[in-house]
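Okay, so here's the structure we're looking at.
The values are calculated or read from the model by the stated rules, or taken from the named source; none is laboratory data. Given the structure is predicted, the values throughout are model-derived calculations rather than measurements. Positions of Cβ are backbone-derived with ideal geometry, glycine not excepted, and every protein chain shown enters the neighbour counts.
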Amino acid sequence: MSYREVVHSDQAPAPIGPYSQAIRTQGEMLFVSGQIPMNIRGEIVSHEISAQTRRVLDNLRAILEAGGYDMSQVAKTTVYLHDMNDFKAMNDVYAEYFNESKPARATIQVSRLPKDVRVEIEAIAVR
């Protein structure tokens, strides 16, 4: 039988659809759903990419901590940008959160994101 546990943080916004904030597996991996720049009241923060990226990474960190992980245990992220011209500003903020333990990463430009935000980030953490 496979082991699968839902992880939830009250310090990050509730999902806006039929998904969990994160799932922890028996192999001690944590899969964090894509986070957007929404606060716990469900409001989108700023339209500025740096502020949005910071909120996304704060949400991600809160979910990791609820699952018993920290940012240094993130092995892989996927960054979805509405506009690749935002890459440098996003990357500057991202580097503050992953300054020593840099996970593998893919960054993809997409035509649209939920609630028309400019950035979404998902992550996989491993113990």
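Of the residues that sit in the stretch 39-55 and are hydrophobic (A, V, I, L, M, F, W, C) and touching a strand residue (DSSP E or B) at 6+ places or on another chain (Cβ under 8 Å), which one is surrounded by the most Cβ atoms within 10 Å (Cβ to Cβ)? It would help to see each step written out before you state the result.
Initial filter on the stretch 39-55 (hydrophobic (A, V, I, L, M, F, W, C)): 40, 44-45, 49, 51.
Filter once more, keeping what is touching a strand residue (DSSP E or B) at 6+ places or on another chain (Cβ under 8 Å): 44-45, 49.
Values: I44: 17, V45: 16, I49: 23.
The selected residue is I49.
Screening the stretch 83-110 for residues that are assigned to a loop (DSSP other than H, G, I, E, B) and out of contact with any His (no Cβ under 7 Å at 6 or more places or on another chain) and picking the one that is nearest to E122 (Cα to Cα) gives P103. The test for being in contact (Cβ under 8 Å) with a residue 40 or more places away in the chain, crowded, with 17+ Cβ neighbours inside 10 Å and among the β-branched types (V, I, T) does not hold for I16.
Here the stretch 1-55 is the region considered, the condition is being among the β-branched types (V, I, T) and assigned to a loop (DSSP other than H, G, I, E, B), and the residue that is modelled with the lowest pLDDT is I16.
Every residue in the stretch 56-82 that is assigned to a helix (DSSP H, G or I), out of contact with any Leu (no Cβ under 8 Å at 6 or more places or on another chain), surrounded by fewer than 22 Cβ atoms within 10 Å (Cβ to Cβ) and not polar (S, T, N, Q), please. Within the stretch 56-82, D58, R61, A62, E65, A66 meet the criteria.
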